[in-house]
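The values are calculated or read from the model by the stated rules, or taken from the named source; none is laboratory data. Quick caveat, the model's predicted, so the values are computed rather than measured. Neighbour counts are summed over all protein chains in view; Cβ atoms, including those assigned to glycine, are modelled from backbone coordinates with ideal geometry. Only protein heavy atoms, including side chains, enter the accessible area calculation; ligands, DNA and RNA are left aside. Shrake-Rupley method; radii C 1.70, N 1.55, O 1.52, S 1.80 Å.
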Amino acid sequence: MQAMYLMVAAVLGMQQPIVPRTVAPALAHAQPALEALNALDALGALDALNALEGLNVLDALDALDAVGPWDSAPLQDEQDPTDSLWRGARRAFNRGDYASAGKLYADLARRYPDATRAGDALYWAAFALYKNDDLVRARSLLFTQQERYAKAATLRDGYALLARIQTALAKQGDSEAAAWLTEHAQPVEPARGCPDEDDEDDVRVAALNGLLQMDATNALPILKKVLAKRDGCSAGLRRKAVFIVSQKHGGETEDILLDVARNDPDSEVRQQAVFWLSQVGSDRAVTALDSILRSATDPELQDKAIFALSQIHNARAAQILRDYATNERASDEAREKAIFWLGQQRSPENAAFLRGLYAKVTGEDLKEKVIFSLSQMGGADNGRWLMDIALNEREPVEMRKKALFWAGQTGGNLEQLVGLYDRMQDQEMKEQLIFVYSQRHEAAALDQLIRIAKTEQNKELRKKAIFWLGQSHDPRAAQVLLEIINP
């Protein structure tokens with residue numbers, strides 16, 4: 001959770017408070033937005049990827065101040081001398097009285113230095129002082145926590161908060177803070193084994209981000225040094241470093257991302273770099289993404305390249321996707337993704353291309369993806385094309401059914417859909433039409449279901465219509481069902 005929170009904080013320009021790991025339940029509402037960054041092929045999450053610069057949905061984290069007590073220290077019995085101070089401090093913090101909260105938490109640590117809560121009290125005192133812009137005192141309390149309370153539950157959160165405070169102080173010209181950021185941003189060799197990504201790496205990421213905000217000239221060389229490491233232990237740190245680099249626009253950022261996308265040995269690190277190249281959008285980035293798409297053997301890396309190209313709104317990127325969609329040497333899965341993203345761009349060129357592509361591809365999955373993508377584009381030309389496929393008896397019945405379904409779902413001409421029923425000879429197509437009528441909310445669609453339920457000679461089709469009438473909340477449907485039951 002701390003790793004997730006720090007990444008969120010980085011996205012938001014470190015504008016949110018450092019919330020401890022014990023607030024995991026309160027942060028649950030933010031998780032879908034983060035998962036969206038790694039779920040590029042989940043249709044329900046794709047819209048979130050268009051706002052990568054801001055991720056404004058995470059502004060909801062501001063509401064955490066009002067959630068209530070976040071501390072995980074157990075409540076003590078009434079005889080515990082720290083109990084009244086702890087409760088009073090917590091109440092003051094929760095109502096936004098940070099001056100009182102900071103004083104009470106600090107008093108607890110000063111008066112009862114050996115108490116179980118003393119180390120955590122220093123963290124909360126520092127947090128309250130930070131909220132009150134008393135940064136120097138807050139920093140001092142966090143240093144004390146690190147020196148005296150190595151087992152405090154909030155120790156790691158204290159390091160993250162300290163990085164925030166040092167960033168703010170460095171921006172104000174504090175040389176001590178700037179030196180701290182530079183020191184903690186440096187990559188280090190692990191003493192033995194691989195460090196836990198949620199330990200040292202998180203502090204280093206926070207320091208790197210702070211240094212980048214304060215002094216990009218000094219931060220970028222350190223980030224390049226981090227990314228130059230190729231060992232397995234640093235893969236997690238490199239992934240986070242790629243994200244931090246991506247937030248600083250400029251030619252050097254592009255160079256770094258291109259190098260990582262081509263050369264990093266870790267697949268996830270390369271994917272991150274390819275993903276963020278979509279935000280660069282330069283001719284060089286498009287050329288690199290084209291090369292990666294054509295040469296990569298990792299399907300996930302190909303997916304990221306396809307997505308990145310789809311987010312670069314220029315004619316060359318779109319043409320690369322169109323060429324790839326026709327490439328019979330590429331996997332059907334990758335071609336399907338290219339077709340999907342072409343459909344999301346809703347350009348006349350893409351629509352005309354997809355309508356022509358349908359006749360050229362042979363795989364059912366590819367044909368289905370073309371039908372879906374055109375249905376998402378909308379427009380009269382695409383609507384007529386869908387109806388043409390549905391009416392074409394030379395087409396496979398499954399493709400005709402899908403075209404009919406999407407024509408109905410995307411607002412196809414209801415009068416035309418109603419008129420189709422008596423013209424259709426295939427029972428499967430009639431069943432699909434009945435379903436399409438059931439999904440429309442116009443009165444004419446219900447009229448057609450009622451007519452089929454009353455007059456259709458085919459018993460199975462009548463049963464389908466009656467079933468869907470039963471799902472309707474329209475009083476007319478209820479009346480018809482009563483009439484059928486009691487003729």
Residue 295 accessible area, 1.4 Å probe, all protein chains in place, Å² to nearest 10
80 Å²
Using only the Cα atoms of region 235-372, build the gyration tensor, take square roots of its eigenvalues as a ≥ b ≥ c, and label the shape rounded, prolate or oblate: rounded if a/c is under 1.5, else prolate if a/b is larger than b/c, else oblate.
prolate
Calculate, in nm to one decimal, what residue 316 and residue 328 gain on full extension: separation in residues at 0.36 nm each, minus their alpha carbon distance.
2.3 nm
Please report the net charge: other residues with Cβ closer than 10 Å to the Cβ of residue 277, K and R +1, D and E -1.
+1
Alpha-carbon centroids, region 206-249 and region 349-422: separation in whole Å
48 Å
Which whole-percent values make up P(r) of region 371-487 when all C-alpha to C-alpha distances are grouped in 10 Å steps starting at zero?
14, 46, 30, 10, 1
Whichever lysines have a C-alpha closer than 18 Å to that of residue 459, once near sequence neighbours (fewer than 8 apart) are set aside:
430
Straight-line reach check, residue 304, cutoff 26 Å on alpha carbons, 8 or more apart in-chain or any other chain, hits among lysines -> 224, 225, 229, 240, 248, 337, 360, 367, 369
For 375, 175, 282, give me the order by solvent-accessible area with a 1.4 Å probe, most accessible first, ignoring ligands, DNA and RNA.
175, 282, 375
In the neighborhood of residue 394, defined by Cβ-to-Cβ distances under 14 Å, what is the net charge if each Lys or Arg adds +1 and each Asp or Glu adds -1?
-3
In Å³ and rounded to a whole number, note down the convex hull volume per residue for the Cα atoms of region 329-429.
90 Å³
